[in-house]
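So the structure is just underneath, and the comments pick up after that.
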Amino acid sequence: MKLPQTGRCQCGAVRYEIAQPPQLVFTCHCTDCQPMTSSAFSMGAVLPPNAFNLIQGTPQPVQRAADSGRVTTWWICAKCGSWVFSGPTPDSTRIIRGGTLDDTSWLHPTAHFFTRSKQPWIALPEGTQSFETQPADMLGFLFSADKP
């Protein structure tokens with residue numbers, strides 16, 4: 001992976017760059033991500049705050065309560081509606097949406113969440129972690145050092 005990596009929303013109004021490799025790349029097969037991405041799953045890359053730099057545009061927050069009751073914030077482009085990243089604030093730890101990167105060839109998910117609702121035609125690669133829902137301590141899992 002060559003750094004920095006750049007990414008954008010579909011229309012290009014929101015652009016960013018990342019300066020460090022992600023701490024984790026994962027897929028989520030939940031029934032919230034499926035309609036939000038218009039796909040079978042979403043792909044996320046977890047980044048610490050200092051690894052992400054918004055270089056153009058002002059993403060807008062969309063909040064939703066998860067089944068757990070925790071409020072999640074999705075940051076989207078106000079012009080095209082692309083979901084660019086997640087996180088409580090634009091300057092916090094964030095999860096960028098894998099498909100928004102200009103070069104996605106280096107992304108290799110090592111964890112898969114909400115596999116109970118994955119499409120039956122999706123085969124998960126051997127050697128990756130999979131969870132029926134999500135780890136009980138999701139934040140602890142995302143930031144632990146013992147991931148594959």
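Tell me, what is the percent relative contact order of segment 5-142, built from C-alpha pairs under 8 Å that lie six or more residues apart?
28 percent
If you bin every alpha carbon distance in segment 1-74 into 10 Å steps from zero, what whole percent lands in each bin?
Taking every Cα pair in segment 1-74, the percentages come to 16, 42, 37, 4.
Could I have the simple spin-label model distance between Arg70 and Ala13, label points 7 Å from Cα toward Cβ, reported in nm to one decimal?
3.0 nm
Semi-axes of the equivalent ellipsoid of segment 5-142: what are they in whole Å, largest first, if each equals the square root of 5 times a C-alpha gyration tensor eigenvalue? Write out the running numbers ahead of the final one.
Numbers: eigenvalues 105, 54, 46 Å².
With the √(5λ) rule applied to segment 5-142, the semi-axes are 23, 16, 15 Å.
Can you give the extra length, in nm with one decimal, that the chain gains between Ala78 and Leu3 once fully stretched, where that is 0.36 nm per residue apart less the Cα-Cα distance?
Extending this stretch completely gives an extra 24.3 nm.
The numbers here are math on the coordinates, done by the rules we state, and not lab data. Everything numeric in this text was worked out from a predicted model, so none of it was measured. No Cβ is skipped: glycine too gets one built from the backbone with ideal geometry, and neighbour counts run over all protein chains shown.
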